[in-house]
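A.B. asks: Dropping a structure here in structure tokens format, bear with me for questions.
The values are calculated or read from the model by the stated rules, or taken from the named source; none is laboratory data. These numbers were taken from a predicted model, which means no experiment stands behind them. Using ideal geometry, Cβ is built from the backbone for each residue, glycine included, and neighbour counts are taken over all protein chains shown. These area figures cover heavy atoms from the full protein model, side chains too; ligands, DNA and RNA do not enter into them. Shrake-Rupley method; radii C 1.70, N 1.55, O 1.52, S 1.80 Å.
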Amino acid sequence: MHLFKKNFSRFIGYPIHDYAKSLNTIKTIDFLNESQFWSEDKIHEYQVYKLKKLIDYAGSHVPYYEELFKNIGLSSKDINKVEDIVNIPILTKEILRNEGDRMLSRQFSKFKLKKGKTGGTTGSPLVVYKDVYNRSFTWASYYRWYEWMGLNYYDPKISLWGAKTVLSKSLTDLFIKKSKELFFNEITFNSFNMKDDDMWCLYKKVVKNKPVLLKGYLSALIRFAQFIVHNNLTINGLKAISTTTETLLPHNRAFLQDVFKAPIYDQYGCGEVSAISYECKEHTGLHINQEHVICEILNNSDEPVENKVGNVVATDLDNLVMPFIRFNTGDKASILNGRCDCGVKQPIMSSIEGRAIDNIILNDGNAVHGVFFTDILFELGITVELIQRFQVYQSEMGVIEFRIESVKKLDSKTIKKLELALLTFFDDVKLIFLDELPSEANGKFKYIISDLKL
């Protein structure tokens, strides 16, 4: 049965998905498996080619960039090497919020694009649009990562992820979920349900389905590992663990590897610019996905730094419909000198910071992180056009303060809708409206704060 599922996924599931979504993922994987060994000159030449194309397109079809490039007198002719990208002003999250649909190409209909959301350090979900070319490239780079882990993308895997919908579920959602599990040879477990009964169910799924890869939110993987230890259980056969969303600290890595008896592989990206970097089997850092992204590390004066931690500024080379050129991710990292012994030529990113977040305890005992709340806001249609930032504070079980920094005063209907949605998961919810939510002493904004004594 396991061989059947693997072959079905490889020869039927993934090809059908590509065809149905008009994607070109599988062919792109072949290209990336070749390009990862290109020389530095060749990969830079490829990046410049893509960057020129992006600038030409954005400067002609995206209102924000039309105005920007006209004001600074820039065209693709001014880009002759990767370093010339510094002539383009940095894109911030504040600009994204203020510009709205002016960030979108006039040549594409929203209804023909894939709509996603971001959460990140601001909390409020920002709607991001991507076309099939962009999605093919980002998914292909993700599947290439499987090979860096010594796996195939069609191998059996279990994912601890958020539910597609937090507030409601339908038979259609269930059908889509089961179909994806069959097509991708992947079982998805709702990481927002992590009580002991749920953990027993997850453990049985792992034992029965024998996945080679266990992946998902770091906090969910840690919770499952703690359950394994507490109940004196063992899991055999895993070849890799991959984490996402929260910063993977050294003690987290050591604990998970000890419990699951498998190496940990980290990844880094953001909702605006997917698939930035991935860790390989040498575990010396994360290879930057150069065919897809130009990644800069800058100091607070926006100057490039080497072998030092700085601000991650990323350019998505594949998103024409909603370009992100020199986007300040809000995270910090460094890029190491030298090349990796694994043979992949892409430079190595290290010391990724800025994604650590607390958990909030629901009234049923489940622990959730910030994505839980951005998912709720997204389902309710409350995006950055209404809420600039939010912050959830908890100091006692069943009670939260939901602090809101709003762009404009919310109407009573929206406020009531949000309050009722949150009361589904908490006994008491206090909505607090502020002109501005303060940042931490280090300058970072923390949108989940827990002082709960467990």
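A.B. asks: Rounded to the nearest 0.05, what FRET efficiency do V229 and K114 have when you use their Cβ-Cβ distance and R0 = 35 Å?
C.D. replies: Result of the calculation: an efficiency of 0.35.
A.B. asks: Continuing with this model, one more query. I need the peptides 104-112, 59-67 ranked by packing, meaning the mean over residues of other C-beta atoms within 10 angstrom, with the highest value on top.
C.D. replies: Most protected by this proxy first, the peptides run 59-67, 104-112.
A.B. asks: Here's a follow-up. Along the positive direction of the dipole of the chain (beta-carbon charges: Lys, Arg +1; Asp, Glu -1; about the Cα centre), which of I95, I294, L418 reaches farthest?
C.D. replies: The residue sitting farthest along the positive end of the dipole is L418.
A.B. asks: Specify whether the C-alpha gyration tensor of the stretch 65-134 places it in the rounded, prolate or oblate class, a ≥ b ≥ c being the square roots of the eigenvalues: rounded for a/c under 1.5, otherwise prolate if a/b is larger than b/c and oblate if not.
C.D. replies: Because a/c hits 1.5 or more and a/b exceeds b/c, the stretch 65-134 counts as prolate.
A.B. asks: Quick one: grab the alpha carbon gyration tensor of the stretch 287-362, order the square roots of its eigenvalues as a ≥ b ≥ c, and give me rounded if a/c is under 1.5, else prolate or oblate depending on whether a/b is larger than b/c.
C.D. replies: rounded
A.B. asks: Provide the packing ranking of 342-349, 288-295, 233-240, i.e. peptides ordered by the mean count of other C-beta atoms within 10 Å per residue, highest first.
C.D. replies: Result, highest mean first: 288-295, 342-349, 233-240.
A.B. asks: Farthest toward the dipole's positive end in the stretch 172-297, which of I235, I276, A225, given Cβ charges of +1 (Lys, Arg) and -1 (Asp, Glu) about the Cα centre?
C.D. replies: With unit charges placed on the Cβ atoms, the residue in question is I235.
A.B. asks: Leaving out ligands, DNA and RNA, what percent of the accessible area of the chain is carbon and sulfur, probe 1.4 Å?
C.D. replies: 52
A.B. asks: For the stretch 203-290, what number results from the quotient of the Cα radius of gyration and 2.2 N^0.38 Å?
C.D. replies: 1.12
A.B. asks: Please give the per residue accessible area of the stretch 1-113, computed with a probe of 1.4 Å over protein heavy atoms only, in Å².
C.D. replies: I get 60 Å² per residue for this part.
A.B. asks: What's the magnitude of the charge dipole for the chain around its Cα centre, counting Lys and Arg as +1 and Asp and Glu as -1 at the beta-carbon? Answer in Debye, nearest 20.
C.D. replies: 1560
A.B. asks: Shape call for the stretch 6-75 from the C-alpha gyration tensor, a ≥ b ≥ c root eigenvalues: rounded (a/c under 1.5), prolate (a/b greater than b/c) or oblate?
C.D. replies: Oblate, since a/c reaches 1.5 and b/c is not below a/b.
A.B. asks: Using modelled backbone amide H atoms (1.01 Å from N, in-plane), which distant-in-sequence or interchain residues come within less than 5 Å of F433's amide H?
C.D. replies: Sorted by chain and number, the residues that satisfy this are I404.
A.B. asks: Right, next: How many angstrom lie between the Cα centre of the stretch 285-340 and the Cα centre of the stretch 374-413?
C.D. replies: 30
A.B. asks: Could you calculate, for the chain, the ratio of the Cα radius of gyration to the Kirkwood radius, expressed as Rg to Rh?
C.D. replies: 0.95
A.B. asks: Give me the distance between the Cα centres of the stretch 259-282 and the stretch 134-159, rounded to whole Å.
C.D. replies: 11
A.B. asks: What are the radius of gyration and Dmax of the stretch 318-422, computed over its Cα atoms and given in Å?
C.D. replies: Computed over the Cα atoms of the stretch 318-422, radius of gyration and Dmax are 19.3, 59 Å.
A.B. asks: Quick check: residue separation of I90 and K205 times 0.36 nm, minus the Cα distance between them. What number comes out in nm?
C.D. replies: Net length gain for the segment: 36.8 nm.
A.B. asks: About the Cα centre, and with charges only on the beta carbon of Lys, Arg (+1) and Asp, Glu (-1), how big is the dipole of the stretch 65-137? Nearest 20 debye, please.
C.D. replies: Value, rounded to 20: 500 debye.
A.B. asks: Ranked highest first by average number of other Cβ atoms within 10 Å, how do 359-370, 419-430, 31-42 line up?
C.D. replies: Most protected by this proxy first, the peptides run 359-370, 419-430, 31-42.
A.B. asks: Run the reach check for K130 against lysines, Cα to Cα strictly under 20 Å, same-chain hits fewer than 8 apart removed. What comes back?
C.D. replies: Leaving aside lysines fewer than 8 places away in the same chain, those within reach of K130 are K21, K27, K50, K52, K53, K93, K110, K112, K114, K115, K117, K164.
A.B. asks: Kirkwood-based Rg over Rh for the stretch 135-233 (C-alpha set), two decimals?
C.D. replies: Across the stretch 135-233, the Cα-based Rg/Rh ratio is 0.98.
A.B. asks: Enumerate the calculated ³J(HN,Hα) couplings along the stretch 184-192 in order (Karplus 6.51 cos²θ - 1.76 cosθ + 1.60, θ = phi - 60°), each rounded to whole Hz, writing x wherever the residue is Gly or Pro.
C.D. replies: 9, 6, 9, 9, 9, 10, 5, 6, 7
A.B. asks: Also, I was wondering about something else. How many angstrom separate the Cα center of the stretch 173-197 from the Cα center of the stretch 63-107?
C.D. replies: Cα centres, the stretch 173-197 to the stretch 63-107: 39 Å.
A.B. asks: Turning to a different aspect of this structure: Once amide H atoms are built 1.01 Å from N in the peptide plane, which residues 5 or more positions from T188, or in another chain, come under 5 Å H to H?
C.D. replies: Excluding prolines and chain starts, which carry no amide H, the hits are S159.
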